[in-house]
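Okay, structure first, notes after.
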Amino acid sequence: MKRRAMKLMKITGITLAAFAGLTLLATSSCVVRQLGGAFTRLPGEAKQQLSVGARKLVLESLEGLDTSKVRDFHVHMLALGSEVEGAYINEAMTSWGSPVRYFKYLIYRSAAGIQDVESADAQFRERLVDLGKHLPMSMKLHILAFDEHYNADGTVNAEKTEFHTPNAYVFAMAKQHPGLFEPVMSVHPYRKDALEALDRWAKEGGHYVKWLPNAMGMDPGDERLDPYYEKMREHGLVLITHAGEEQAVESEEDQALGNPLRLRRALDHGVKVIVSHCASLGTDVDLDDPEGKRVPSFELFLRLMDDPRYEGLVFGDISALTQFNRLGGPLDTILKRQDLHPRLVYGTDYPLPAINALVRTEDLVAGGYITKKERRWLNEIYEFNPILFDFVTKRRLKHPETGERFADGIFEAPAALP
């Protein structure tokens, strides 16, 4: 883990650049496992088999927390359609016609614990439940539905839909495991029945809506969304949306839709918005600049957070901030900006923390965020439970110069959110 497998290729985020010998590598299950989910232990074995040092690290990560209020606001509920009605992934991901996307799919599948595509949905579900139930605290996982890509005329664009996880599935899972899962609906605003869908799932107990504009094809700043935002405010729904560059799914043509400043329209309607990953990757056009210069997306996120009009409305989640491609500026800034911590929430972005290639604990040591001993114990925890690993890692992180850490309140259910 975080070791020699990374020397096999250079990965930026999860978008794999073209590289020699892709076909040969992808046919090697050993390589896929090294880059994906190289797990040899079961979550339930951790309590007995972790070393004394690793167990101590876990216990220290719980200090100062109300362990009954810990939440993960960013967990993907994936389904390939082996049993879940309406679920599917883009066919281009499952064939050699698109070798890079297929290789990425193999890595995702490995990280998610899927060994047999014929029972993929059950295996992903059972793995996630097993991980969640063997955490040493009562962490509630916000499981995300994922709507299809819609054109502006309200028709589905299956070609640009990377995957689809229906609302009905995540709500059924939450009812089956009420102490473990919180359902997050995903309703594309261009759907002809968008307002009715918001009504339906709000009445079912939903409090959150998931968007990924770059991949789903919606423009958060489109004036046609005004009735949608009013409906969200009517129900007190919170928008969880990606901002900044998106590398986990195919969305190159629509990257501009991830501009954080496009979220002002939702905020101006009084809708609370959680910006995933604090928009910590990529650049966007500064919509406030007459010359339209490109600046880091993270800078635009901070502009929203610092705007007094949006205090109490805009939030950020810290998922993915410890991935190797986000270390440095964004992570350091967020650690130092303690004034922002009351408006930050915890997230893992599972199954991404289970993708071996994205987790470089040696880089955390080199950057001064953790010690060598902590790295050894964190690697050990990872082998049993990548969700616990992500949690403990973010609890142990410190700013390399000031020693500042993520505030305790980030990891608990905030009073400002449902």
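Entry comment: accessible area of the chain is 39 Å² per residue, from protein heavy atoms only and a probe of 1.4 Å. Taking +1 at the Cβ of each Lys and Arg and -1 at the Cβ of each Asp and Glu, which of GLY367, VAL187, LEU352 sits farthest along the dipole of the chain towards its positive end, judged by Cα position relative to the Cα centre? The Cα lying farthest towards the positive end belongs to GLY367. Charges at C-beta only: +1 for Lys and Arg, -1 for Asp and Glu. How large is the resulting dipole of the range 71-210 about its Cα centre, in Debye rounded to 20? So the dipole magnitude of the range 71-210 works out to roughly 460 debye.
Taking 0.36 nm per residue of separation and subtracting the Cα-Cα distance, full extension of the segment from ASP339 to THR40 would add 103.6 nm.
Over the residues of the chain, the helix contribution to mean residue ellipticity at 222 nm works out to -9500 deg cm²/dmol, using -39500 (n - 2.57) for each DSSP H run of at least 4. Note on ALA172 and THR155: the extension gain reaches 3.5 nm, defined as 0.36 nm multiplied by sequence separation minus the Cα-Cα distance. Extension gain for the segment GLU204 to GLU299, taken as residue separation times 0.36 nm less the Cα-Cα distance, is 30.5 nm to one decimal. For the range 226-286, what is the relative contact order in percent, using Cα pairs closer than 8 Å and at least 6 residues apart in sequence? Relative contact order here is 49 percent.
Of all the Cα-Cα pairs you can form in the chain, what percent are over 42 Å apart? Taking all Cα-Cα pairs of the chain, the fraction more than 42 Å apart is 7 percent. Give me the percent of the accessible area of the chain that comes from carbon and sulfur atoms, probe 1.4 Å, all protein chains in place. Summing carbon and sulfur atoms, their accessible area is 50 percent of the total for the chain. Amide H to amide H, with H built 1.01 Å from N, ALA243 comes under 5 Å of SER276, ALA279, counting only residues 5 or more places away or on other chains.
Peptides 225-233, 116-124, ordered by how many other C-beta atoms sit within 10 Å of their residues on average, highest first, read 225-233, 116-124.
Its Cα centre serving as origin, the chain has a Cβ charge dipole (Lys and Arg +1, Asp and Glu -1) of approximately 1840 debye. When the charge dipole of the chain is built from unit charges on Cβ atoms (+1 for Lys and Arg, -1 for Asp and Glu) and taken about the Cα centre, the candidate among HIS235, PRO414, VAL32 whose Cα reaches farthest toward its positive end is VAL32. Proximity of backbone amide H atoms, modeled 1.01 Å from N, is registered between TYR208 and MET185, VAL238 at under 5 Å, excluding neighbours fewer than 5 places apart on the same chain.
The values are calculated or read from the model by the stated rules, or taken from the named source; none is laboratory data. Every value quoted in this text rests on a predicted model; they were computed, and no experiment measured them. Quick reminder, even Gly has a Cβ in these numbers, built from the backbone with ideal geometry, and neighbours come from all protein chains shown. SASA here: full protein model, heavy atoms, side chains in, ligands and nucleic acids out. Shrake-Rupley method; radii C 1.70, N 1.55, O 1.52, S 1.80 Å.
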